[in-house]
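K.L.:
One structure, pasted below without further comment.
The values are calculated or read from the model by the stated rules, or taken from the named source; none is laboratory data. Treat the numbers as computed from the prediction; the structure is a model and nothing was measured. All Cβ positions, even for glycine, are placed from backbone atoms using ideal geometry, and neighbour counts span all protein chains on display. Note: accessible area is taken over every heavy atom of the protein model, side chains too, but ligands, DNA and RNA are not part of it. Shrake-Rupley method; radii C 1.70, N 1.55, O 1.52, S 1.80 Å.
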Amino acid sequence: MRFGFSILYVLLIIALMICAFFAFKTKKAIGKSVFHLCAALIFPVAGNLMIIASGNEMVSTIGAYIYYLGMDLTMSALMKFTHDYCGVDKRYNSLRLNTNIIIAMDAVQLLMNPFFHHAFSLTPIDVDGFPYYKLVPYTGQSIHRVVDYTVFLSVLIIFLFKFFRSPRISSERYSVILLTMCFVGLWSTFYIFAGTPIDTSMVGYAIFGIMIFYFALYYRPMRLLDRMLAGVASQMPEALYFFDGTGRCIWANRQGAKFMNVRNESYDSVTDQLIRVFDDIGEDEDRWSSRKTIGVGETTKYYVLERQSLNDVHNKVAGSFLSIRDVTKEEKALRVEKYNATHDNLTDLYTKEYLYECTARMIGEHPGENFLIAFINVTDFKIINDIYGSDFGDFVLKKIASYIMETMPEDSVYGRMGGDKFGICIAEREFDEAKIEKSLSDFVVSDGVNRHNILLHMGVYEVSEPDLDPSIMYDRAHMALSVIKNEYQRRISYYDDKMRDSVIWSQRLSSQLEDAIALKHVVPYIQPILNTEGKIVGGEALVRWIHPEYGFLAPDMFVPVFEKNGMIAELDRYMWRCACEILARWKKEGKDLFISINISPKDFYFMNVNEEILKITSAYDIEPRKLRIEITETIMMTDVSNRLKNLMKLRDDGFIVEMDDFGSGYSSLNLLKDMPVDVLKIDMAFLKQSKENIKTQKILHNIIKMSDDLGIVPLTEGVETIEQYRMLSEMGCKLFQGYYFSKPLPLEEFEKYAYDNLLNN
Ligand code: C2E
Ligand code: CA
Ligand code: CA
């Protein structure tokens, strides 16, 4: 028996040494105190081993001391371990110190035994046929026992306290160690009372050390982990379902249970239910995810499903879990956001950008099909807005949107390009030109009181290059519009390459204007204006561009271009300055002639015309009446009241205002009576278009007479023959301008003409 125990103790010592070694090496915080405990436990076991194995009094005596002192050391280490493991508050550190002092005193007391023989002695008995030095206890040993048991008991209390005070799920941490301790405590108590010669409780102590080593460092309380995971899983917003290898649901978190109406943890029907709701839950896949839409209309719900299989250590599928996330809120917000980003909020049609996107997609997806790009524009929408207010303007736009929705075939795409412009992409075979032309002409909007004819035009580009950027396609359709902009007869016009050339032309000229002005390639020509006596009284400044590449350019080649893009303001400002420069020189030379300058209606959009003209005349110190202002009645097309104010102000400042091109445009005689003008320029060229000469004469006569009556000086331009001159004179016309007298001339030639004319008169 002694031999067997000796071997066992040796093995236990080796085991404790291994534990101490790994505890020392570990990086875990508790490692150090576990090391101390395992190392300390080696001593009592080794001491006992010496007693059991030797049979020698001397060795047994040393063994007994090692045993007793080792127990003290163990108790101190156990105390330290308990404090660390249970996280005992630092406040109790002094308690530990006191305990250690008591243990130390006990050790001292034991070490006094050789002198006082008060603790124990050894007495040989026969065990297994050779002497065994059994410990005979005295008072000192009893003190030692009391100390050790007290420490042990206090440790037990700390653990018990912890066990009961911790939340249920973490109490397992303490319970396993508590159980081990109770077991060892009982074992050693049993030994005391059993009176067996060999202290078998040492086996218990050693096992205790090994168990502490395992529980403190390596054991993961699975029950705790399970609960923690379940707790975490239930905190998650997703519904989670766990399945075993056969696909049967074995657990669901709180959300998951609620979602599938699981009661009393019976998960058997969950799999079937999930399949009923979602059709597919990715059962056969290792990793699977899918977006699902459930229901329709307002109550539609959106879910994201993700499934993943879980493998065991042998890489075999042990089960899987499915997470279901309700993304309805995000999805709906996203849809609203997308809708807003892709739809115009007034008309609910697509925005320009989205229309481009849809157009590209539609053309790309139908390679064999011919498509048309249409561009609809409201002529004079600005006037509608100005006259009837922007609410009515919005109403008109909405009506146009519904008109497009109703007229265009279902598979066409359309949108609002911004302002009063709409775009459509439509398959050519579905484009019924006659029908659309008619519906465009018939377009009326009624606000309940009045019916308004809205002038709609459509430019069309036949998609000949399907790879073109949609913005260019719509630009081309837009370009086609410009040809018929103000026509009532034609409502649809098609893009051709000439239009593109004209755009290129416009761009080229626009980019060159600034340099051309600086280099004086743009110059004023002056056309003489004469009175009834044939005497020159002034001239009209007309712009010419002597282009180094394209040669002599008349204003119709570039004025409309600049009127469109606003550069006209730059050009006119320059022309007015030229006129003032010339007038300033004439003033010095004593020439009493005026110069008429042209003002484009567009100038009013891009500058303060009154201010500009005043600034220039005062800079050159010109008498205002020497600079005559030519305006056309088209300036009255928009912002009538402000324009009237502008004209009135010009006259107040001393300028002479001339109404240009009377007889072309609308020529409202009614308008004339309210217009603050001094001179009426009647356009002969226009009147000549009518075949019946008698009628023309009558009209001319009446206009001249009427303007005279209104106190407005009549001037006829476009006079080409002596007969016309005579006739107009007889009718009472006061001033004349036309090729009969002279074409517009370069400044030098004009001055020569004027010199000769004045010489002859
Ligand atoms: P407009 O102001 O009506 O100018 C008169 C036009 O009639 C000039 O054409 C002139 O050359 C032409 N003309 C003069 N006498 C006769 C004639 O007996 N028979 C015929 N058939 N035509 C005659 P032009 O110079 O080509 O100018 C055309 C238009 O360009 C001008 O019409 C004017 O509206 C515009 N324009 C010219 N210069 C300027 C300018 O500096 N600024 C602005 N904004 N527009 C200008
Ligand atoms: Ca003019
Ligand atoms: Ca004119």
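K.L.:
Give me a count of the residues in the range 396-429 that are among the polar types (S, T, N, Q) and under 15 Å from ILE373 (Cβ atoms).
P.N.:
1
K.L.:
Test of understanding: among ILE324, ILE376, which residue is assigned by TED's automatic domain parsing to the domain that holds THR246 and β-branched (Val, Ile, Thr)?
P.N.:
ILE324
K.L.:
Being touching a residue at least 60 places away in the same chain (Cβ under 8 Å), open to solvent by less than 20 Å² (accessible area, probe 1.4 Å) and within 12 Å of ligand 1 (Cβ to nearest atom) is the filter here, so list the residues in the range 531-555 that pass it.
P.N.:
GLY539, GLU540
K.L.:
Do you know which residues across the range 713-735 are of a type in the set (Val, Ile, Thr) and either within 16 Å of ligand 2 (Cβ to nearest atom) or on the phi > 0 side of the Ramachandran plot (or both)?
P.N.:
Across the range 713-735, the qualifying residues are VAL713, THR716, VAL719.
K.L.:
In addition: Return the residue satisfying two criteria in turn: it lies in the range 506-550 and is in a strand (DSSP E or B) and of a type in the set (S, T, N, Q), and of such residues it is nearest to ILE599 (Cα to Cα).
P.N.:
Checking each candidate, the answer is GLN527.
K.L.:
Quick check on the range 169-177. Is at least one of its residues free of Cβ contacts under 8 Å to residues at least 40 places away in the same chain, more than 24 Å from LEU49 (Cα to Cα) and basic (Lys, Arg)?
P.N.:
There is no residue in the range 169-177 that is free of Cβ contacts under 8 Å to residues at least 40 places away in the same chain, more than 24 Å from LEU49 (Cα to Cα) and basic (Lys, Arg).
K.L.:
When the residues of the range 614-635 are narrowed to those that are open to solvent by 10 Å² or more (accessible area, probe 1.4 Å), more than 16 Å from ligand 1 (Cβ to nearest atom) and part of a helix (DSSP H, G or I), which ends up nearest to ALA541 (Cα to Cα)?
P.N.:
LYS626
K.L.:
How many residues are out of contact with any helix residue (DSSP H, G or I) (no Cβ under 8 Å at 6 or more places or on another chain) and either farther than 27 Å from VAL640 by Cα or open to solvent by 60 Å² or more (accessible area, probe 1.4 Å) (or both) if we restrict to the range 364-393?
P.N.:
The total comes to 11.
K.L.:
Return yes when PHE159 is of a type in the set (Phe, Trp, Tyr), closer than 19 Å to TYR205 by Cα and crowded, with 18+ Cβ neighbours inside 10 Å and no when it is not.
P.N.:
Against the criterion (of a type in the set (Phe, Trp, Tyr), closer than 19 Å to TYR205 by Cα and crowded, with 18+ Cβ neighbours inside 10 Å), PHE159 qualifies.
K.L.:
Are any residues in the range 177-197 among the β-branched types (Val, Ile, Thr) and either touching a Pro at 6+ places or on another chain (Cβ under 6 Å) or buried (at least 17 other Cβ atoms within 10 Å of the Cβ) (or both), and if so, which ones?
P.N.:
Within the range 177-197, ILE177, THR180, VAL184 meet the criteria.
K.L.:
Going by what's in this entry, would ASN608 be described as polar (S, T, N, Q), within 16 Å of ligand 1 (Cβ to nearest atom) and under 50 Å from the mean Cα position of the chain (by Cα)?
P.N.:
no
K.L.:
Right, another one. For ILE526, which of the numbered conditions (1) within 16 Å of ligand 3 (Cβ to nearest atom); (2) touching a helix residue (DSSP H, G or I) at 6+ places or on another chain (Cβ under 6 Å); (3) open to solvent by 40 Å² or more (accessible area, probe 1.4 Å) fails to hold?
P.N.:
For ILE526, the exception is condition (3).
K.L.:
Do any strands (runs of 3 or more DSSP E) entirely within the range 448-502 hold 1 or more residues that are closer than 23 Å to GLU430 by Cα and out of contact with any Cys (no Cβ under 9 Å at 6 or more places or on another chain), and if so, which?
P.N.:
456-462, 492-494
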